[in-house]
Amino acid sequence: MTMNEAARICARLIASGAIPRSEAPELDHPAIREDVETRLHQCGFVLASSPYSDHYGVRLANDIDAGVMDGPSNLGLGANACALLTVLWAKLVLQKRTAAETQHTPDAQQELLAGDRREQVREFEPSVRFETLDREFGRKLGGRTRLLSLLGQLRRLKFVTYRRLDAIRAGPLLELAIDGEKMIGFIRSRVLSQYLGTVEGTLSAPHIEGTHLRVLKSLSEASQPPTISELEGRTGIARRDLKKVLRELREEQEVEVVGSGAKTAYRIRSREA
């Protein structure tokens, strides 16, 4: 019976990406949970859960998912969709995590009693309006129509949920399919730090293009500075376009060159540089 339950849960998780905790109470049983985790790992997945989510999900195992966005990229999301996903994670997931850790919700009258504050934080669901996303990022992500298309794609994949465009909220996979610690490190890194607003915990409007973000992401994840040939293979950007992107990033002092000749490589410019 235990093996049948484990197989059923694995099948549902892999088929749908996420299931409500209330629909898988068997995972509270240590033996079943261990069996589920073993079966998922044999397929290259790990069971994803979070104190900030009322769902269980699956995520690529660490030995397969080496980067922040490898999981979403494997779902067919392009550079612009991944860029929007990063913005939404910062606006929705990070804000909810911050509220839980500080026991303080923004733009709300704080309760005096600790129990009431905990309940207020538990019920807090950050949202963002489409018009806000369009105003801040629409032009950089291909325009208003393209932004609508990207949001629809993310909703189908359960990264966001909304009935009206003035209340876009996190879907179960925005929390579960992305490694939160990796994402926080990525946001705090040199790649996005200058684009991170500090007043309300949201991203300020970046001037960075999708191809630039793809190159910076690849550089930030490289253990050693890659050559232009290696970057071409990792990013899928044509050599001619890649040279232009690298030149612009060097002019903006985002990227620096190391080595020379055939050994010329590139890396994220350090803060002290």
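Details
- Candidate set from the range 245-273 (those that are surrounded by fewer than 14 Cβ atoms within 10 Å (Cβ to Cβ) and part of a helix (DSSP H, G or I)); member that is modelled with the lowest pLDDT: 251
- In the set (1) at pLDDT 90 or above; (2) crowded, with 22+ Cβ neighbours inside 10 Å; (3) over 13 Å from residue 84 (Cα atoms), residue 177 fails one condition alone, (1).
- Residue ID - nearest to residue 262 (Cα to Cα), chosen from residues in the range 212-242 that are of a type in the set (Gly, Ala, Ser) and in a helix (DSSP H, G or I): 229
The values are calculated or read from the model by the stated rules, or taken from the named source; none is laboratory data. Everything numeric here is computed off the predicted structure, so don't read it as measured data. Glycine gets a Cβ as well: all are built from the backbone with ideal geometry, and neighbour counts include every protein chain shown.
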